[in-house]
Amino acid sequence: MRVGILTGGGDCPGLNAMIRAAVRRGAIVHDYEFLGILKGWLGLIHGDAVPLGLADVEEILPEGGTILGSSRTNPFGKNALEEVPACEKNFSELGLDTLLAVGGDDTLGVARKFSDRGLPMVGAPKTIDNDLSGTDYTFGFWTAIERVMASIDNLRTTARSHERIFIVEAMGRHAGWIAGYGGLAGGADYILTPEESFSLDEILWSLRRRWEAGYHYAVVVVAEGAEWEGREVFQEDLPKDEFGHVYLGGIGFELSKAIGKALAPEFGRRAGDLTRHVVLSHLQRGGTPCAFDRILGTRFGAAAVDLIAAKKFGYMVALVGSSIVPVEITDAVSVTKKVDRDFLDLAQNFYY
């Protein structure tokens with residue numbers, strides 16, 4: 001059996017742990033041969049692949065990123081008439097019996113389409129956003145939470161020293177898992193997620209209450225996809241990736257200006273110095289994976305190879321409770337997994 005592995009979308013801590021586990025499980029237990037497809041679906045379009053043996057994955061467990069490279073290439077996009085047949089041709093010419101696609105909803109959405117066209121596909125969920133349905137957690141998420149929590153811890157000392165409000169912008173286009181969990185772990189004074197639109201007046205009211213209680217500083221965490229109530233954002237003309245997603249970013253800066261402008265008259269001399277904004281951006285996804293993500297990536301890699309051995313194609317490995325189980329890729333990418341209401345209510349208990 002010759003198995004291809006590709007990693008698509010944003011890089012993610014735990015990817016190399018998953019690649020290592022898949023190759024070791026496949027080579028040692030099943031006597032499989034592996035090819036690494038370079039730069040995600042772009043590599044399959046061009047037939048770019050390298051052999052993956054035990055020696056190639058021996059030392060990669062603690063490394064961040066992916067040794068295979070990645071891209072946000074969509075073969076079913078505007079050049080589908082050329083790129084889809086190219087992928088199918090290279091799948092055959094590389095001698096692949098199956099392909100393990102590792103990624104989020106976009107990467108796995110492409111895998112589902114190829115599966116529908118008859119190519120044997122198996123998936124593994126990878127996204128720091130943790131917004132894939134069918135799995136409790138995706139590897140990379142908990143490392144990202146550690147990054148956000150540490151950033152809030154560091155910013156809080158500066159905020160307290162200089163009596164400032166820090167607006168921390170976290171990733172999260174459609175769901176607020178990173179902002180919510182990272183904000184709660186770091187003791188954020190307000191958390192804004194895409195699950196519900198936010199009102200500037202409510203934030204200002206909470207910050208005034210905090211000031212009156214004697215705490216002349218605050219850290220507000222906002223997800224990049226949070227919706228500002230009553231504020232129109234026209235995104236049609238903004239640049240988009242190959243999957244049609246608008247490049248987000250900047251809401252933290254705009255919110256910082258708005259809060260500073262509204263509170264400056266009340267807080268006197270703090271006028272121009274009141275707020276600062278920090279966009280965590282790719283700091284959230286870089287670096288070595290935490291223990292949980294190393295273990296989850298390892299479990300997913302081994303389980304994905306076992307799915308291949310069972311010829312259970314069109315499925316993705318998932319964490320449900322403490323068990324790794326197969327779920328249909330179609331189910332995983334059909335609905336974005338949102339942060340539940342109970343968690344958002346819990347976070348609000350800590351606002352003033």
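All of the numbers you see were taken from the coordinates with simple rules; none came from a lab. If you're wondering where the values come from, they're calculated on a predicted model, not measured in any experiment. Using ideal geometry, Cβ is built from the backbone for each residue, glycine included, and neighbour counts are taken over all protein chains shown.
Might you let me know whether region 1-14 holds any residue that is touching a Pro at 6+ places or on another chain (Cβ under 6 Å), on the phi > 0 side of the Ramachandran plot and touching a residue at least 24 places away in the same chain (Cβ under 8 Å)?
Yes, there is a match, as at least one residue in region 1-14 is touching a Pro at 6+ places or on another chain (Cβ under 6 Å), on the phi > 0 side of the Ramachandran plot and touching a residue at least 24 places away in the same chain (Cβ under 8 Å).
Just one of A86, A101 is crowded, with 23+ Cβ neighbours inside 10 Å and touching a residue at least 12 places away in the same chain (Cβ under 8 Å); which is it? Outline the logic, then answer.
Numbers: A86 fails: crowded, with 23+ Cβ neighbours inside 10 Å.
Only one candidate passes the filter, namely A101.
Go through region 27-43 and give me each residue that's touching a strand residue (DSSP E or B) at 6+ places or on another chain (Cβ under 6 Å) and assigned to a helix (DSSP H, G or I).
Kept after step one, since they are touching a strand residue (DSSP E or B) at 6+ places or on another chain (Cβ under 6 Å), are these residues of region 27-43: 32-37, 40, 43.
G43 - this is the single residue of region 27-43 that is touching a strand residue (DSSP E or B) at 6+ places or on another chain (Cβ under 6 Å) and assigned to a helix (DSSP H, G or I).
Just one of L38, L61 is surrounded by fewer than 24 Cβ atoms within 10 Å (Cβ to Cβ), without any contact (Cβ under 8 Å) to a residue 40 or more places away in the chain and of a type outside the set (G, A, S); which is it?
Answer to the selection: L38.
Pick from G176, G140: which is touching an Asp or Glu at 6+ places or on another chain (Cβ under 9 Å) and under 30 Å from G47 (Cα atoms)?
G140
State all residues of region 69-83 that are buried (at least 17 other Cβ atoms within 10 Å of the Cβ) and either within 18 Å of R25 (Cα to Cα) or charged (D, E, K, R) (or both); if no residue qualifies, say none.
Matches in region 69-83: R72, E83.
So is R2 surrounded by fewer than 24 Cβ atoms within 10 Å (Cβ to Cβ) and of a type outside the set (F, W, Y) or not?
yes
I'd like to know if region 55-77 contains one or more residues that are of a type in the set (F, W, Y), within 14 Å of G4 (Cα to Cα) and under 26 Å from the mean Cα position of the chain (by Cα).
no
Identify the residue in region 192-203 that is more than 18 Å from the chain's Cα centre (by Cα) and in contact (Cβ under 8 Å) with a residue 40 or more places away in the chain and, among all such residues, is surrounded by the most Cβ atoms within 10 Å (Cβ to Cβ).
Ranking the candidates gives I203 first.
If I filter region 11-26 down to residues being in a loop (DSSP other than H, G, I, E, B) and crowded, with 23+ Cβ neighbours inside 10 Å, which single residue comes out as farthest from the chain's Cα centre (by Cα)?
G14
Would you pick out the residues in region 44-60 that are assigned to a loop (DSSP other than H, G, I, E, B) and under 28 Å from A144 (Cβ atoms)?
Those that are assigned to a loop (DSSP other than H, G, I, E, B) and under 28 Å from A144 (Cβ atoms): E58, E59, I60.
Being of a type outside the set (A, V, I, L, M, F, W, C) and surrounded by 18 or more Cβ atoms within 10 Å (Cβ to Cβ) is the filter here; which residues of region 135-173 pass it?
T135, T138, G140, T143, E146, R147, S151, R156, R164, E169, G172, listed by residue number.
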